[in-house]
Structures are given as C-alpha cells and as structure tokens.
Amino acid sequence: MKNGSNQNLLQEQRPAFDIATQSVSGNKVNISLRVFESGGIKKPITIQTLRTNGGSCQAKALMLINGKPTQLSNFYLSLANIKRSFGLTIGGRVVSITVSGFNNSRQAVEEIILCTAQCSFGL
C-alpha cells in the first residue's frame, strides 16, 4: 500500500491481481499477474530464493524495469471508474501500473506502464 503496509487481496480484487501463470525451476518461481496478462503486457516477475551465509532463507522479486533486471520493491496501481457496493470495491479499471525497485548498482528505478487494453477488474 502507499503507506508501506501490506494488505491481502480482497475477493473482488483477485480476478485482476492474482497470478495468471506460474512455473517453477530450481530456486525460482516465474509468475505473471492477471493485471498484466489481461492488458497484453509482458512483465513476468521472478521470485528467487537463496540461503544466506548465516543459514537463513531469503526471497527477492525480480522484474525487468526499463528493460533492465531490477529487484522489485514497489507496485502501485492507479485506478479509475471504481464501482462500490456496500462499502466494498467491486470493480473498476486500471489506468497505469507503476513498478519500482533497485538495479544491480543499487540505484532506484521506476517505470510507469499505461494499461490501454481490457484493464478492467471486478464483477
């Protein structure tokens, strides 16, 4: 969320934001989110796990941002035409998706992806 907290997807959000496809290879899981797939956007995310020198496990999400491998740190959706019923968001349209993270040089990078085709979600 914008304030840095996490929130589980609500039932009515899942059709747009859940995983569309996934594959596992060794210590990597490649996923594609429905919000990207439905808009014809090719933006796979790779979740990679590794064991640190101290023996603990870590995971990181990787994505091409501006064409370069980047450790994903933030994912923000700009929405429009929100439909609500009884205080719940039941649908709308994704206008853009902003992804940001840190490249191999630890520089912050950001990409805004406009969603131009079939980017609606909900009931």
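The values are calculated or read from the model by the stated rules, or taken from the named source; none is laboratory data. Predicted, not measured: the structure shown is a model, and the values here were computed from it. Cβ coordinates were reconstructed from backbone atoms using ideal geometry, including for glycine residues, and neighbour counts include every protein chain displayed.
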#### Entry: Every residue from the range 64-95 that is under 18 Å from SER120 (Cβ atoms) and among the polar types (S, T, N, Q)
SER78, ASN81, SER85, THR89
### Message
Between a residue in the range 9-33 that is surrounded by 12 or more Cβ atoms within 10 Å (Cβ to Cβ) and at pLDDT 65 or above and any residue that is of a type in the set (Val, Ile, Thr) and outside any strand (DSSP E or B), which pairs come within a Cβ distance under 8 Å, given they are 6 or more apart or on different chains?
### Response
PHE17/VAL35
### Message
Looking only at residues that are out of contact with any Ser or Thr (no Cβ under 7 Å at 6 or more places or on another chain), surrounded by fewer than 16 Cβ atoms within 10 Å (Cβ to Cβ) and of a type outside the set (A, V, I, L, M) in the range 99-123, which one is nearest to GLU37 (Cα to Cα)?
### Response
THR116
### Task
Tell me which residues, restricted to the range 86-98, are buried (at least 17 other Cβ atoms within 10 Å of the Cβ) and over 13 Å from the mean Cα position of the chain (by Cα).
GLY91, GLY92, ARG93
